[in-house]
Amino acid sequence: MPAFALEPEQTAWCARLRTLAAQRLRPLADKGEPGRVNRPLVAELGRLGLISRLFDSGALALCLMRESLAYACTEAETALALQGLGAHPVHAHGTPAQRERWLPRVADGTAIAAFALSEPGAGSDAAALALRADGEKAEDAQGAGTRRDAALGGGPVAEADGPRRWRLTGEKCWISNAPEADFYTVFARTTPGAGARGVTAFLVPADRPGLTGTALEMLSPHPLGTLGLDAVPVTADDVLGETDRGFRVAMGTLNLFRPSVGAFAVGMAQAALDATLDHTRRRDAFGGKLMDLQTVAHQVAEMALRTEAARLMVYAAATAYDAAAPDVPRRAAMAKLLATETAQYVVDTAVQLHGARALRRGHLLEHLYREVRAPRIYEGASEVQRGIIAKELYATHAASHTPREAP
């Protein structure tokens, strides 16, 4: 399928999603408490079968879901995306036991997942993680008594050739769904001084001793918080993927979700554009309609141009991911960068064309204006995306061009 075309069935599905978001999800979102996990909303996403589609569909389907939901209910879109972000490492790298325990509950909306990567000193620079995973040799763990085994639900340790147990110590910050999630995908440093190569991903249930959290109040009232880890016990059974290979888990997850962040942005941009078309077509100004002013018409045309260009790049990146193309990191970075920067422009222009009414609390554009800012930062800020793009371009160029010696 060409990256720029959708099948009629996909187009119809997107229309159904927008209707569901407006009629069934919007009322639940309105009843939610700002800054808290809206469990009834997540449960409804589960009943509608949308969360399970995160795991049995590709990147393009994820983008279509996020764009369609964002158009009518950004809260539902965000709740869906956070379930996917937190649980995707379990789906892609978890053991059969981990998957069996958590994924059915995530899919039906009864377990809340969270992706715990960022730290106070390591946001966009994910390789600089400082949260420690202090390992214990098997003989040390065996001598620590049965209290720890009871806390972990595990049995005796039989191997002595390396760490089988760790204690996680440090802090995570800007973690979505914290501190209310039921489990966290936590990235910790298992090998000091090894950069990206010394990070391990752990599945940490929220009831582990030593795990605490505090909610944060943000510009857009999403569930977001900090986590404190005070010698939180984990074992080899909690590892996602391989020890010291957690950076690969993180980047694989972000390569999938970055284009879909762009889809979220496109959905918001389209909602702002449609609101602007309706407003400028009806609004009387200077003896005619606002749309009759050339400066207004040209701004609306620019909004539409940029929104469509961003949409096509998002679809292209998602299609590349589904085809396992080698240039996914570059395409994912480009899609997120263009779409989030575009949405910021489109929403801001929409506010300007609406005037003061768009700044009134409760107006669609007031809501979108608060929502649209964060995607330019999370899952890699725009500046980070530009760095990824440049790095990939130079690597591709170096691999395909033999430098000529100077005469």
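The values are calculated or read from the model by the stated rules, or taken from the named source; none is laboratory data. Everything quoted here is computed from the prediction, not taken from an experiment. Reconstructed Cβ throughout: ideal geometry from the backbone, glycine too, with neighbour counts over all protein chains shown.
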Every listed condition ((1) surrounded by 20 or more Cβ atoms within 10 Å (Cβ to Cβ); (2) without any contact (Cβ under 8 Å) to a residue 12 or more places away in the chain) holds for P104 save (1)
Looking at P34, is it in contact with a Pro (Cβ under 9 Å, 6 or more places away or on another chain), more than 28 Å from A317 (Cα to Cα), at pLDDT below 95 and not hydrophobic (A, V, I, L, M, F, W, C)?
-> yes
Inspect all residues belonging to the range 216-227 and state whether any of them is of a type in the set (D, E, K, R), over 17 Å from G94 (Cβ atoms), buried (at least 18 other Cβ atoms within 10 Å of the Cβ) and modelled with pLDDT under 95.
-> no
Flagged in the range 347-376 as in contact (Cβ under 8 Å) with a residue 24 or more places away in the chain and outside any helix (DSSP H, G or I), in numbering order, are V372, R373
In the range 208-262, what residues are closer than 30 Å to L368 by Cβ, assigned by TED's automatic domain parsing to the domain that holds L131 and hydroxyl-bearing (S, T, Y)?
-> T214, S220, T226
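Residue-by-condition table, conditions (1) in contact with a Leu (Cβ under 7 Å, 6 or more places away or on another chain); (2) closer than 30 Å to P89 by Cα; (3) in contact (Cβ under 8 Å) with a residue 24 or more places away in the chain; (4) not polar (S, T, N, Q):
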{"position": "A250", "(1), (2), (3), (4)": "yes, yes, yes, yes"}
{"position": "N255", "(1), (2), (3), (4)": "no, yes, yes, no"}
{"position": "M268", "(1), (2), (3), (4)": "yes, yes, yes, yes"}
{"position": "K289", "(1), (2), (3), (4)": "no, no, no, yes"}
{"position": "T307", "(1), (2), (3), (4)": "yes, no, yes, no"}
{"position": "Y315", "(1), (2), (3), (4)": "yes, yes, yes, yes"}
Kindly check whether there is at least one residue in the range 60-68 that is free of Cβ contacts under 8 Å to residues at least 12 places away in the same chain and either under 27 Å from L312 (Cα atoms) or not aromatic (F, W, Y) (or both).
-> yes
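Could you tell me whether A61 is within 18 Å of R16 (Cβ to Cβ), part of a helix (DSSP H, G or I) and either modelled with pLDDT under 95 or assigned by TED's automatic domain parsing to the domain that holds T226 (or both)? Let's see the steps before the verdict.
On the way: within 18 Å of R16 (Cβ to Cβ): yes; part of a helix (DSSP H, G or I): yes; either modelled with pLDDT under 95 or assigned by TED's automatic domain parsing to the domain that holds T226 (or both): yes.
Judged against the criteria, A61 is a match.
Within the range 333-350, track down each residue that is buried (at least 21 other Cβ atoms within 10 Å of the Cβ) and either of a type in the set (V, I, T) or over 18 Å from A70 (Cβ atoms) (or both). Explain how you work it out, then say what you get.
Of the range 333-350, the ones buried (at least 21 other Cβ atoms within 10 Å of the Cβ) are 333-340, 342-343, 346-347, 350.
Within the range 333-350, A333, M334, T340, T342, V346, V347 qualify.
This table checks each residue for (1) under 18 Å from L365 (Cα atoms); (2) more than 28 Å from the chain's Cα centre (by Cα); (3) in a helix (DSSP H, G or I); (4) not assigned by TED's automatic domain parsing to the domain that holds A72.
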residue	(1), (2), (3), (4)
F264	yes, no, yes, yes
A269	yes, no, yes, yes
R281	yes, yes, yes, yes
H298	no, yes, yes, yes
Within the range 351-403, restricting attention to residues that are within 20 Å of A265 (Cα to Cα) and aromatic (F, W, Y), which residue is surrounded by the most Cβ atoms within 10 Å (Cβ to Cβ)?
-> Y369
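One line per residue, one yes/no per condition, for (1) closer than 20 Å to R370 by Cα; (2) loosely packed, with under 13 Cβ neighbours inside 10 Å:
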{"position": "R26", "(1), (2)": "yes, no"}
{"position": "E33", "(1), (2)": "yes, yes"}
{"position": "L41", "(1), (2)": "no, no"}
{"position": "E44", "(1), (2)": "no, no"}
{"position": "R47", "(1), (2)": "no, yes"}
{"position": "F55", "(1), (2)": "no, no"}
{"position": "A59", "(1), (2)": "no, no"}
{"position": "C63", "(1), (2)": "no, no"}
Answer with yes or no whether K172 is buried (at least 16 other Cβ atoms within 10 Å of the Cβ) and either modelled with pLDDT of 95 or more or among the β-branched types (V, I, T) (or both).
-> yes
Considering the range 73-101, residues that are of a type outside the set (D, E, K, R) and more than 16 Å from the chain's Cα centre (by Cα), and then whichever is surrounded by the most Cβ atoms within 10 Å (Cβ to Cβ), we arrive at C73
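Could you list all residues from the range 117-136 that are part of a strand (DSSP E or B) and surrounded by fewer than 17 Cβ atoms within 10 Å (Cβ to Cβ)? Spell out how you get there, then give the answer.
Residues of the range 117-136 part of a strand (DSSP E or B): 119, 122, 132-136.
Matches in the range 117-136: D134 only.
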Apart from one, (1) in contact with a Phe, Trp or Tyr (Cβ under 7 Å, 6 or more places away or on another chain); (2) under 25 Å from L64 (Cβ atoms) all hold for V372; the odd one out is (1)
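Give the range 67-112 a look and list any residue that's part of a loop (DSSP other than H, G, I, E, B) and charged (D, E, K, R), or say none. I'd like the intermediate steps shown before the answer.
As a first pass, look at the range 67-112 and keep what is part of a loop (DSSP other than H, G, I, E, B): 73, 94-95, 108-112.
Residue satisfying the conditions is D108 alone.
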